[in-house]
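First the structure, in the form of structure tokens, and then the observations on it.
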Amino acid sequence: MTAPTIGIIGGIAPPSTVDYYRLLVDGYQKRRPDGTQPLIIINSIDLQKGLKLVGAASKGDTAPFIAYMLEELDKLANAGVTFAFFAANTPHILFDEIAAKSRIPLVSIAVATAAAVAKAGLKRVGLLGTRFTMESGFYDRALAPHKVGVVVPDEPDRTWVHEHYLGELTKNVFRDETRTEFHAVIKRMRGKTPIDGLIYGGTELPLLMRDGPPVGIPTFDTTQIHVEAVLDRLLAT
């Protein structure tokens, strides 16, 4: 029997794709300390093309982005992967539509994170990520069955988060002053609407925030949560 193989749509952006690979290998070896490693195939796609199509999709022109993701997933299917995932939150704005047409099963970061939030017993969480993630509502939909509300920053904080996410974090630039300002954004969110948790809804955000000071409420590292869900799927196959 052929061993199951994980497929990754990566490059969106490169820093978190590297983080995913490291976490998958480390997590697998902790669960299976027999010296084996998971079989992984990465399709690293064009970040700028992806963002351009996501931008159009956010304005209603969804077909080109869906087609692009399906085309890249087909490459993984042709390579023999068992299932796949997007190594990013932003492509999940149309996850259901893409998953319905994909030749291979997909593991959702939003569904996995929603389950983790619900397990923690929280009722209202903040969400940070790209503008597409913060404004598309896919986390609201994932958390709705668990009766958990979602809060995003007000403007101009959403614009600031989006611009620094794309302008710095996706380019592997992680500045102390940016981390400090993210803490200020979180403080303003908490000051306006009480939240009992915070979702790092961008897979580069944990790279910026993991080693920083605590924010005072539970945080959800969507990269790590997604990795655990992927490993659950792999080891159950």
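Quick note: the coordinates plus some simple rules give every number you see, no bench work behind them. Note that the structure is a prediction, hence the values are computed from the model and not measured. All Cβ positions, glycine included, derive from the backbone under ideal geometry; neighbour counts span all protein chains shown.
Between Leu128 and residues 5 or more places away or on another chain, which pairs have amide H atoms under 5 Å apart, with H built 1.01 Å from N, and which residues are they?
Hits under the 5 Å cutoff: Ile199, Gly201.
Starting from 0.36 nm per residue, how many nanometres of slack lie between Lys49 and Arg31 once their C-alpha separation is accounted for?
This chain segment gains 2.8 nm when fully extended.
May I ask you to list the trypsin sites (Lys or Arg not before Pro) in region 1-92 that are in a DSSP loop and have at most 12 other Cβ atoms within 10 Å of their Cβ?
Answer in residue order: Lys59.
Where in region 145-161 is the amide nitrogen less than 19 Å from a point lying 7 Å along the Cα-to-Cβ axis of Arg175?
Hits in region 145-161 for Arg175 at 19 Å: 156-161.
Only sites in a loop by DSSP and with at most 15 other Cβ atoms within 10 Å count here; which trypsin sites (Lys or Arg not before Pro) in region 154-237 make the cut?
Sites meeting the loop and neighbour criteria: Arg175, Arg210.
Count the lysine pairs in the chain that are 8 or more places apart or on different chains: how many have C-alpha atoms under 18 angstrom apart?
8
Only four residue types carry charge here, +1 at the Cβ of Lys and Arg and -1 at the Cβ of Asp and Glu. Report the dipole size of the chain about the Cα centre in Debye, rounded to the nearest 20.
460 debye
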